[in-house]
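Undergrad: Quick one: structure below, then a few questions.
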Amino acid sequence: MRRTGTAWVTVALFLSASPQFVTADPSDPRGEYGVTLAVGGEEARAESVFVSMLSHTRGDARALNNLGNLRLLRGETGVALAFYDRALRGDSLDAGIHLNRATALMLIGDEPRARQSFAIGLKLAGSLERAQALMGLPPEKQPADRAARKTVIDTEQLRAMLQRAATAVPSDSVHSAGRTASPDAAGKPSAWRSAGARGSDGSDTPQLLYWKH
């Protein structure tokens, strides 16, 4: 399995390495299907779907972001960062990708770069509440459910980093930047969170990450 997983990473990074980024077709149903598989715990099948998307559209930010999520959930943070960096080349205004990247940096202990990425994501999201919704954070006084506790991401650490970034960003610049955020990031992030909570019982579910669809 490890060799197969490494092969998928090599293929995906190769397919996304072209300097020419082509706009992804938003009507391509594979993006939605891949996310459905991922939040349902079928990571291997989801990964193959996202790689197939890259074979048709190099630099597809949806596929790259979501491949980064799969790697992050497996603890392969360095590989996840590579995917997020490539995703941002295709869609630099997507708040969710910046927030995912910040989360990965937080997990490896690179707090200065994590703070910077959280601040950028927060500006693009438009508000702290919007950023928290994109990442699927539960209300502050609501305890995390069992599935969320099984993920590699600490809920309270993530919330604290977002709140810290919010205090460092002037409120007027946050709302101004939020108006230019990626249309995808302004969509309906919470739907995939509830789907994730209903995923395969006992396995890690992709909570506290932004899935681009």
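The numbers here are math on the coordinates, done by the rules we state, and not lab data. Keep in mind it's a predicted model, so treat the numbers as computed, not measured. Cβ coordinates were reconstructed from backbone atoms using ideal geometry, including for glycine residues, and neighbour counts include every protein chain displayed.
Undergrad: Order the peptides 159-168, 45-54 from the highest to the lowest mean number of other Cβ atoms within 10 Å of their residues.
TA: 45-54, 159-168
Undergrad: I need the phi-derived Karplus couplings for the range 57-73: 6.51 cos²θ - 1.76 cosθ + 1.60, θ = phi - 60°, integer Hz, Gly and Pro marked x.
TA: Those phi angles translate into 9, 5, x, 4, 5, 5, 4, 5, 4, 6, 5, x, 4, 4, 5, 5, 5 Hz.
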